[in-house]
Structure formats: structure tokens, C-alpha cells
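Participant: Let me give you the structure first, and then I'll get to my questions.
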Amino acid sequence: MLDMPEWPGHRAGQHVDVRLTAEDGYQAQRSYSIASAPEDDRLAITVEALPDGEVSSYLVGELRVGDQLELRGPIGGYFVWEADRTEPLLLVAGGSGVVPLMSMIRHRHAAGATVPTKLLFSSRAWEDVIYRDELERLASAGDGFAVIHILTRMQPEGWTGYTRRVDAAMLSDVGWSASAMPASFVCGPTPFVEAVASALVLLGHAAPTIKTERFGPTGG
Amino acid sequence: MDDVMVDGNALAGELSEVFSQEMTLARVACGSCGAVEQLGADHAYTRAPGMVLRCCHCDHVLLVMVRAGEQLRVSLAGSRWIDL
Ligand SMILES: Cc1cc2nc3c(=O)[nH]c(=O)nc-3n(C[C@H](O)[C@H](O)[C@H](O)COP(=O)(O)OP(=O)(O)OC[C@H]3O[C@@H](n4cnc5c(N)ncnc54)[C@H](O)[C@@H]3O)c2cc1C
Ligand SMILES: [Zn+2]
């Protein structure tokens, strides 16, 4: 959670650039998606700690409440969704790729939008599912939002959901058909996004309706 | 460390230091294959020395930004044009 002096407000799907400067002047800069809705009071980002991640391990392990961060943003207009859009919405997330999609889901809810929306969310294990409880709550609100979980490495006992990587067959079973002309947003590790985007194209979705945000090798 | 592909969107912050408008929706024509895409749909590499935008159809380098201290050098040589 970040308090932002003079924050101009953001749109769901945008990100910020975080810059860290070491005492010797060495700088590292990384992008982090905004997780909060435009309607929320405070800006939230969610960072997955990578084992030897230069910036992520600092943000997760060493940053303390009250510390200051150098931020640039809000940034981006391409990977953005506004609640007044009317197409059915397909959100596909791999791991921390759910972050900008969560901003869209929160925005949709806060704005009282009811466009049919599905989140297809791939995580390693049930314990790793980011925003799990909030997603369950939002999915039971009865306003046209559904979550389909995929657990690729470990499943709780009695799990009947998907365990394999997202493929065209899965997207055609649980997603929207191309004829419904949905808007699709795909976000996660680069190989994940590549696979999902090509599967959607294979299923006949027009390339301009598929927006992608590749996070790099994160979580891969 | 191999640089891994991300989307043009990842360059939006650095581009905001150069251009006065949001650039990921700007249309860019590839200097090689001629394809026209919104900048956010092209491919980006942010860890090469500097930042590079490549055509999502033919991989041609469209734009390069290299920072040396306070100075930012921008090359648009690989693009035929950019619509602002
Ligand atoms: C637009 C955008 C939004 C993002 N949003 C989020 C978010 O909301 N939450 C989140 O957790 N992450 C997000 N990321 C990823 C984030 O920017 C960092 O890449 C991630 O936190 C790793 O940085 P690091 O400094 O911790 O790791 P590094 O020290 O940079 O890398 C750790 C390991 O991964 C490899 N690696 C990581 N990134 C790259 C790369 N691009 N190219 C080559 N090798 C790489 C390194 O070789 C190293 O082995 C986003 C990325 C983009 C482009
Ligand atoms: Zn090209």
C-alpha cells in the first residue's frame, strides 16, 4: 500500500516504474502493475519475491512501512480496461500476472458494471493463489463474474479443477467464443502469455481484441 | 542474462520522459516490413543495454533508448513514422 502525494489517479491495467538507487549511485528500475481500483483511496502494488530478484526481494524483504520509494506513473494506455466497456471480458492470468487484472476486476465491481467476466487463473498451488479470498467473495456477488482456477504443481485433496497449462481446448471450454467478440487481457510470465495469446488467435479471436502484458521470466 | 521479451507497454514510462503524450496507443510503422501497430502491441526488451522496441511481425528494431547518466539518447531510425 502506497500513499501518493499528488497522485493524478490511474486507470485499471496501468503500471508504475519503481526506481531504487544504491549508495554508490547504481540504479535499478522495474515496472509493477497497479493492483488497486481507480476508486480506491490508496495505491496498491503486489510484488512476487524472486529468489535472487534484485528489486523484488528488496521490495518484499527489506522495505518497511514508512519508507519512501521513487515511483514514476501511472503509465500506459494500451493494457487498460474501463468499466463502461460492453464486450464480455476474458482475463487470463499466470501467477502475479493477476495484478493488473485484479485492478480491472475491482474497478468493475466498484463501478457496478455487470459485463460477463471470466478470470482464468493459473497458479502453482492453492496456497499460492494471490487474492484468493477476495476473488471468491467477488465471484459470489452474483454480478456476472466467475473465476476458474488452474493449479499446475500441487492440488488440494479432491481437486476436480484443471491442472494442466492453459491451451486452446481449455480456452474453448471455459472462455467466450470468438463470435461473442470478447475483449481479452492476458498477463503473466512471457512464455505463459505467448502460449495463451496464440491459442486465442487459433480459436479465431482477432489479434487487436487480445491485449497482452508480459512480465518477463517472473515466476516461470 | 538473456533479455526476455515484454510488451511495448513496458517502455511507456521511459517514453513519457521524451514525449508529452501517452505513447502506447500511438501508431508506429515498421521501417522494414511496413506493418502499422500501436506501440503497446509491439515487443520490447528493457534489459538490453538501453531499451529496445521491436516490430511484433518481423522483429526489426523500431526504437532504441539508451540512458547514460542524465542523458537519454533516442533513436527512431527503425520506424518509418510514428503518429502522435
Ligand atoms: C509492465 C510490467 C508490469 C509488471 N508488473 C509486475 C507486478 O505487478 N508484480 C510483479 O511481481 N512483477 C511485475 N513485473 C515484473 C517486474 O518488473 C520484475 O521483472 C520482477 O519483479 C523481477 O525483478 P527483480 O529485480 O526482482 O529480478 P531480477 O534481479 O531482475 O531477476 C531475477 C531473475 O530473473 C531473471 N529476469 C527477470 N526479469 C528478466 C528480464 N526482463 N529479462 C531477463 N531476465 C530476467 C534474471 O535473469 C534473474 O535470474 C512486471 C513487469 C512488466 C514489464
Ligand atoms: Zn516489421
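Readers should treat all values here as calculations from the given coordinates under stated rules, not as data from a laboratory. Everything numeric in this text was worked out from a predicted model, so none of it was measured. Every residue, glycine among them, receives a Cβ derived from its backbone with ideal geometry; neighbour counts consider all protein chains shown.
Participant: How many angstrom lie between the Cα centre of the stretch A:84-156 and the Cα centre of the stretch A:1-58?
Facilitator: Value for the Cα centre distance between the two parts: 21 Å.
Participant: Give the residue list of GluC sites (Glu not before Pro) in chain B that are DSSP loop and have at most 10 other beta-carbon atoms within 10 angstrom. Don't skip to the end; give the middle numbers.
Facilitator: Numbers: sites: B:GLU14, B:GLU17, B:GLU22, B:GLU37, B:GLU70; in loops: B:GLU17, B:GLU22, B:GLU70.
Those that pass, being in a loop and sparsely packed, are B:GLU70.
Participant: Further question: Name the chymotrypsin sites (Phe, Trp or Tyr not before Pro) in chain B that are in a loop by DSSP and that have at most 15 other C-beta atoms within 10 Å, would you? Intermediate results must be reported in sequence, preceding the final value.
Facilitator: On the way: sites: B:PHE19, B:TYR45, B:TRP81; in loops: B:PHE19.
Here the chymotrypsin sites (Phe, Trp or Tyr not before Pro) that fit, given the DSSP loop and packing criteria, are B:PHE19.
Participant: Nothing charged except the Cβ atoms of Lys and Arg (+1) and of Asp and Glu (-1): what's the magnitude of the dipole of chain A about its Cα centre? Round to the nearest 20 debye. Mind showing how you got there, number by number?
Facilitator: Details: 18 positive and 28 negative charges, 141 e Å.
Here the size comes out at about 680 debye.
Participant: Taking each residue of B:34-42 in turn, how many C-beta atoms of other protein chains fall within 10 Å of its C-beta, and what is the average? Mind showing how you got there, number by number?
Facilitator: On the way: counts 0, 0, 0, 2, 4, 2, 8, 7, 1.
Whole-number average of other-chain Cβ neighbours for B:34-42 is 3.
Participant: Based on Cα positions only, what radius of gyration and what Dmax would you give for chain B, in angstroms?
Facilitator: 11.7, 34
Participant: Along the stretch A:2-17, what does the Karplus equation 6.51 cos²θ - 1.76 cosθ + 1.60 (θ = phi - 60°) give for ³J(HN,Hα), rounded to whole Hz, x for Gly and Pro?
Facilitator: Here the 3J(HN,Hα) series is 10, 8, 10, x, 6, 6, x, x, 10, 10, 5, x, 6, 10, 10, 9 Hz.
Participant: Oh, and also: Per DSSP H run of n ≥ 4, the term is -39500 (n - 2.57); total these for chain B, divide by its residue number, and report the mean residue ellipticity at 222 nm rounded to 500 deg cm²/dmol. Present the calculation step by step, with values, prior to reporting the outcome.
Facilitator: Working: 1 runs with 4 residues, N = 84.
For chain B, the value works out to -500 deg cm²/dmol.
Participant: Run through all the Cα pairs of the protein assembly as shown and give the fraction in each 10 Å bin from 0, expressed as whole percent.
Facilitator: All Cα pairs, binned at 10 Å, distribute as 6, 27, 36, 24, 7, 1 percent.
Participant: In addition: Shielding by partners for A:69-78, please: the mean number of other protein chain Cβ atoms within 10 Å of each residue's Cβ.
Facilitator: Numbers: counts 0, 0, 1, 5, 3, 4, 11, 14, 11, 14.
Counting other chains' Cβ atoms within 10 Å and averaging over A:69-78 gives 6.
Participant: So what's the convex hull volume per residue for the Cα atoms of the stretch A:55-134, in Å³? List each step's numbers first, then the result.
Facilitator: Values: hull volume 12.0 nm³, N = 80.
Looking at the stretch A:55-134, the number lands at 150 Å³ per residue.
Participant: How well do other chains shield peptide A:201-211, expressed as the mean number of their Cβ atoms within 10 Å of each residue Cβ?
Facilitator: Numbers: counts 0, 0, 0, 0, 0, 0, 3, 3, 0, 1, 5.
Per-residue shielding by partner chains comes out at 1.
Participant: Could you tell me what % of all Cα pairs in the stretch A:15-75 have separations over 12 Å? Present the calculation step by step, with values, prior to reporting the outcome.
Facilitator: Working: 1308 of 1830 pairs.
The calculated P(r) of the stretch A:15-75 puts 71 percent of pairs beyond 12 Å.
Participant: Pick out, from A:ALA207, A:PRO74, A:LEU91, the residue whose Cα sits farthest towards the positive end of the charge dipole of chain A, with +1 on the Cβ of Lys and Arg and -1 on the Cβ of Asp and Glu.
Facilitator: Toward the positive end, the furthest listed residue is A:ALA207.
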